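What follows is calculated from the coordinates using simple rules that are stated; it is not laboratory data. Everything numeric here is computed off the predicted structure, so don't read it as measured data.
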């Protein structure tokens, strides 16, 4: 009986930086701020600018949450399949400096309305809403979209946002 070779399990945890390949070439930078390999993804903050090659550790030193071009719950398949290269960093990760923002979810039947969705700051990477408030869509303009992104969706959104400048 032939056994399949064991796949190397890639372990990562909160504060892990990684390079996200863009669809039209180059890379963006990401960090997981809630979750780990045990939750198979989590909440990530993603940054530009577009890098021609995989960013090095120095690029992680100056990134702040307010610099993010995308904040999203995401699947870790990009990491576990080796598409998203892990970047070692000596920066001390402080969870409280990387909050879970309030997200928005638009009402499909009434696009002028939507929900503000708040998550517990203590989550281990599994998003469980603690509060939702129905409101006018005008209140939701600068709020990140709620939902889970597959790794390729993250790549597509980052490619578009970094192309827009």
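Counting only alpha carbon atoms, the long axis of helix 151-164 and the longest principal axis of the chain meet at about 70°. Each Cα pair under 8 Å and six or more residues apart adds its separation to the average, and for the chain the resulting relative contact order is 24 percent. Each Cα pair of region 53-92 feeds into the Kirkwood radius, which the Stokes-Einstein equation turns, at 25 °C and 0.890 mPa s, into a diffusion coefficient of 205 µm²/s.
Think of it as helices only: each DSSP H run of n ≥ 4 in the chain is worth -39500 (n - 2.57), and spread over all residues that comes to -3500 deg cm²/dmol at 222 nm. Note on region 111-165: Cα Rg divided by 2.2 N^0.38 Å, N the number of residues, gives 1.37.
Can you grab the distance from the C-alpha centre of region 100-165 to the C-alpha centre of region 25-75, Å, no decimals? Taking the Cα centre of each part, region 100-165 and region 25-75 sit 17 Å apart.
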